[in-house]
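Since the structure comes first, as structure tokens, the remarks are kept for the end.
The values are calculated or read from the model by the stated rules, or taken from the named source; none is laboratory data. What you see is a predicted model; the values in this text were computed from it and never measured. Positions of Cβ are generated from backbone atoms using ideal geometry, with glycine treated the same way; all protein chains shown enter the neighbour counts.
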Amino acid sequence: MLSKTVLGRDSQPGSVDGYLALLAPAVEGDTNLLWLSHAAIAAVFPRHDEFERFRRDQALNGALPALAALVAAAKRPFAPNRGVGIRIATDTIVVDVHHTARTGLATGIQRVVRQTILQWQGRAEVELVGWDANFTGLRHLSAPERQNALHGSVPRITRPRDWVLTIPFGTTYILPELALERGRTDRISCLAEFSGNRTTVIGFDCVPLTSSETVGAGMSAAFANNLAGLAHFDRISTISGAAATEYRGWRQMLSGAGITGPEIEPLLLPSVAEDVSAADFELARTRLLTGDDPLVVCVGSHEPRKNHLAVLYAAERLWREGVRFQLVFIGGNGWNGDAFRRQLERLQGEGRPVKAISAVSDSLLWSAYRLSYVTVFPSLNEGFGLPVGESLSAGTPVVTSDFGSMKEIASGGGAIFVDPRDDDDVYRGMRAGLTDPELHARLSAEAAALPARGWSEYADALWQYFVPTSQPV
Amino acid sequence: MAALEERVAELEASRDGLQAELDAILNRATDRWLSAANFESDALAAMQQTVSWRVTKPLRVVRGLRPGDITGSISGRLASRRDG
Amino acid sequence: MTDSRLGAASVAPSASAPFDAVTPPPPSPATTAALGQRLGAAAAVLLAGHPAGHVDDLLARGNGVLADALVRHVQQTKVDSELWLVLVALTAAFPDVEFFLGVRRSLGVTAPEFALSSVFETIQQSYRPLKCLDSELEIVTDRPVADVDFCAKYDHNTGIQRVVRETFSRWIGDHELELACWSAGDNALRELSPVERRRVVDWDAWKQTPPASRPTSTPPGFRPRLVVPYATTVLLPEVARDGYWSALSSLAQFSGNRVGLIGYDTIPIASADLIAENESEKFAKYLSIVKNADRVAAISASAADEFRGFARAASAQGIPPATVVSVPLAVQTPTRGTAPARRAGQGRPASKLVLMVGNQEPRKNNLAVLFAAETLWREGLDFRLRMIGGGSSEYTRFVDREVKRLARAGHAVELLRGAPDSVLVDSYAEAHCTVFPSTHEGFGLPVAESLAMGVPSITTDYGSTLEIAEGGGCLTVDPRDDRQLVAALRSMLTEPGVHERLVAEAEARPPRDWNDYAAELWHDLVDPLERDLR
């Protein structure tokens, strides 16, 4: 297989030594072919240090002994992947959805991945891949994994016992998800630097780097490692202009390491409203609403970055002034949410109309956006402020931060912008949204008039950026 | 005139008395807080010296780190849609 | 286990309660007096608009009365820096971000008569041990305050500590300056003890003192005042240890002080793959201070670029980026102590010495140097390779293995760990050239040192090492291209003309000493911050 790719033919020399004799002169001094040879012979994607050692060995001693040493190592009884076959993918576009294929989560990232690869299903050259259990290399997904990657319907499948190492060569590698696993990032990094494949990735945000104070222990290190893996990539498509600013700042930090870093371009995610059946809508109404006061919804997990304490503060001031509304938080318990729960319980104890709901179906969420008079999302940092786009696509005005992706998403109208670090400004924004009917009418009209942009446009534009020579389907 | 002055003096005395009472309340609250803060610092330090606090450290670290954290900003809350 | 610590509390048995109720003892007179001093100092600043004697009158009526007046004052003015100062005075601790915001919000929704008790409640809910409640404080408004915690407390002296000690030992004579370190419980900055001060500003004399005859850092009975910078400049010349970052980030955001720091490098992020994970984690937390700082003086133009990159990334959060300038470090040649170093001497072995100084870690690229040396030895060149520096990572084992293999094959290679300065100086004196193809440096000290000793160097063709190389005396290479390294080393060893030219260039370089660095740093970091204030 290796011989065919390298030499363009398989002359069947009949023995391993015969193959090596043919291959050695062809790969000598060619970094890309050396990477391919290493991956193919060891049946393991090399890490940076392993590859450097191999490359130095062939420079000092010649390609033939260096290849022979690899073969000898691969034949050892306990060599990793000793019985694993290989396949060299030269005519498919390899899309690495390892985590999405196996997870039970349906977070924002998985949603972007799933919507995108669903749109790419019609492209025959797309090959969905994941990693083996030890993160030694890529492999074709099993049918249920593929199902889970696309629809999230079969999480935590047992890994296939027999697998074939898929080695992309001379093609494009797409990483549409966040890779944090150490072995995986190490080998992806080496692939990006030495394999000659075009390497592309979706950049979501750099929160663990730029807002490290808002993430849990260990997260920043894992993310720094992810970033290091991307340093030798060719292209990053970020989900917003704000995320592009973050990634470009990181790229500038690479200058001291002498690395140019990838090309970085923003491609704003779409916000597509989902339909809700009349029955579900009525269910949601009874679950969310108490009485007739206007509903304010705040969507997001309870963690300091989401600034929910500022929302509670603003709401308390408004209630004390006699402004009538009910407040519902929709979101799970994130990191460090104790202070939020304490304040919430205090306000509830004082009889304020506020509650927090964590287990939420899509239909309840979309009903909530439609039932809301106004939503509020004064986050301190977002790669893409999903609730802003969702609220607007449902036609509901939103009070949100006056910078970053939140401002970007709402730049077409429908939003009241506030400084999220100034609690009193959050209060003023919510107050205006609740008490100024003219303003509310104007913002609602703006939201309703926003042009709809769907996943198919996003996925097409992404494909054009990652695989620029391709034709639209 | 004298009656008026007397009345003013009386009111002033009563004002001062009320003021002193308010002062005492504030000072007592502050003293109470100060002793509690002093005490709790020592108690917390003592608790952190205990074996159980030390052996549960890994647990507390793990509890601080959840799947929602691992996935950047647009992730956390939607995780709860399924998990919650 | 807790009994001995809680012994001071009176335990009141109660028939009805299932557990013993614990009543804390009343505060000691010293603690009460310290609170009064702190509140009085804060009031002198914040209530200065009132008639003379006003603050004294309040204090005479009791701590609670003065605390109440201060809290009502900041509730009304809604000025963050004033609230920050009041919280420091009350708790004898620099508030962290979460606690500060908690108080600010609670004051925003509480009637004035309940303001003080709402503050007490929020303090109690923050669960932060307050270890300095019996400390007095000094509010510093008229001179910069510098956090030199590590240098004050520890005898360690490499990299960052050298920069801090060389700088502050000069500044302390020329400028009004307050040095501080962190108090018990890491609650707040405090003044230094005499010994701690010597450790920072009189290091050379301190290190001559035999350890056995050194006095203890904090003598018994040492009761330091807290140092509270207010409306002044706060300097962070060290990379703040974890544990301080939340209080410092809060100080940078809310205290109204201007914060300036020395930026060394962003290697734990930009080269995270070559660094232990906990280093990246700690550094990311440190960046939360950098994000809110006003000015960064980076140790090279390349490091400045990295910090600008971070500031740019943070600008996506609507935070105005810090001004970043570059003040390159000084270059000090190592000294061998008693005997003077010799450049060329008799009895010198015939083969040329190639010297590599620095730790063995992936970033330093030791394996590439060994590869280049082996290539040239196989070509028949005659030279010796000496590596000096420590190492503790997995990479060190790879280096060891390679060195052993090469030595067994009869090549002249040696690896010296824990060598004293005299060996370093003698090695420079003996060296034909040095080699330092690091992939990432904030400031390539071994290159600068080598050139200052008149020894040409082969180093990296970008970043801070290139900045140094541009002054002459170097061959530069792409550290990720082994062939370039081989070619440069070959040229250095076999082309006498090249070597002579580089030696001449190295010797012609203008010296840059710590006086230069300290003066420039004050001018480019401190002066602009002070100008903004006053």
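Overview of values
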| quantity | calculated |
| --- | --- |
| Selection count where residues are touching a Pro at 6+ places or on another chain (Cβ under 9 Å) and more than 25 Å from C:Y395 (Cβ to Cβ), scope the stretch A:25-71 | 3 |
| Residues of the stretch C:366-390 satisfying the condition of being among the charged types (D, E, K, R) and facing chain A (nearest Cβ under 10 Å) | C:E374, C:R378 |
| Candidate set: the stretch A:231-244, residues that are touching a Gly at 6+ places or on another chain (Cβ under 8 Å) and assigned to a helix (DSSP H, G or I); chosen: the one nearest to A:R421 (Cα to Cα) | A:A242 |
| Test result for A:S363, more than 10 Å from chain B (Cβ to nearest Cβ), at pLDDT below 95 and under 27 Å from the mean Cα position of the chain (by Cα) | yes |
| Qualifying residue in the stretch C:204-215 (condition: touching a residue at least 12 places away in the same chain (Cβ under 8 Å), of a type outside the set (V, I, T) and within 21 Å of C:L261 (Cα to Cα)) | no |
| Members of the stretch C:86-135 that are at the interface with chain B (Cβ under 8 Å from one of its Cβ atoms), aromatic (F, W, Y) and part of a loop (DSSP other than H, G, I, E, B) | C:Y127 |
| Subset of the stretch A:279-309 that is within 14 Å of chain C (Cβ to nearest Cβ) and either surrounded by fewer than 20 Cβ atoms within 10 Å (Cβ to Cβ) or touching a strand residue (DSSP E or B) at 6+ places or on another chain (Cβ under 7 Å) (or both) - its residue that is farthest from A:F204 (Cα to Cα) | A:H308 |
| Hits in the stretch C:468-499 (condition: among the charged types (D, E, K, R) and surrounded by fewer than 20 Cβ atoms within 10 Å (Cβ to Cβ)) | C:E470, C:D478, C:R480, C:D481, C:R483, C:R490, C:E495 |
| Pairs, first in contact (Cβ under 8 Å) with a residue 24 or more places away in the chain in the stretch C:372-383, second small (G, A, S), C-beta under 7 Å, six or more apart | C:D382/C:S351; C:F383/C:S351 |
| Search result, residues across the stretch A:12-37 that are assigned to a helix (DSSP H, G or I) and farther than 25 Å from A:R187 by Cα | A:V16, A:D17, A:G18, A:Y19, A:A21, A:L22, A:P25 |
| Criterion (in contact with a Gly (Cβ under 8 Å, 6 or more places away or on another chain) and among the polar types (S, T, N, Q)) met by exactly one of C:S213, C:S302 | C:S302 |
| Residue list for the stretch C:247-267, filter: at the interface with another protein chain (Cβ under 7 Å from one of its Cβ atoms) and in a helix (DSSP H, G or I) | C:S249 |
| Odd one out for C:D242, checked against (1) buried (at least 23 other Cβ atoms within 10 Å of the Cβ); (2) within 13 Å of another protein chain (Cβ to nearest Cβ); (3) closer than 18 Å to C:V97 by Cβ | (1) |
| Which numbered condition A:Y173 fails, given (1) under 24 Å from A:D49 (Cα atoms); (2) aromatic (F, W, Y); (3) surrounded by fewer than 24 Cβ atoms within 10 Å (Cβ to Cβ) | (3) |
| Pairs with Cβ under 7 Å, 6+ apart, first in the stretch C:277-289 and more than 8 Å from chain A (Cβ to nearest Cβ), second basic (K, R) | none |
| Subset of the stretch A:185-230 (residues that are more than 7 Å from every other protein chain (Cβ to nearest Cβ), buried (at least 24 other Cβ atoms within 10 Å of the Cβ) and charged (D, E, K, R)) | A:R187 |
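Residues checked against (1) over 25 Å from C:S464 (Cβ atoms); (2) within 8 Å of another protein chain (Cβ to nearest Cβ); (3) within 18 Å of the chain's Cα centre (by Cα):
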position	(1), (2), (3)
A:I236	yes, no, yes
A:A242	yes, yes, yes
A:R248	no, yes, yes
A:L254	no, yes, no
A:T260	no, no, no
A:E265	yes, no, yes
A:A273	yes, no, no
A:S277	yes, no, no
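Okay, residues lined up against (1) surrounded by fewer than 16 Cβ atoms within 10 Å (Cβ to Cβ); (2) more than 30 Å from C:I139 (Cα to Cα):
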{"site": "C:V195", "(1), (2)": "no, no"}
{"site": "C:K207", "(1), (2)": "yes, yes"}
{"site": "C:P220", "(1), (2)": "yes, no"}
{"site": "C:V228", "(1), (2)": "no, no"}
{"site": "C:S246", "(1), (2)": "no, no"}
{"site": "C:A252", "(1), (2)": "no, no"}
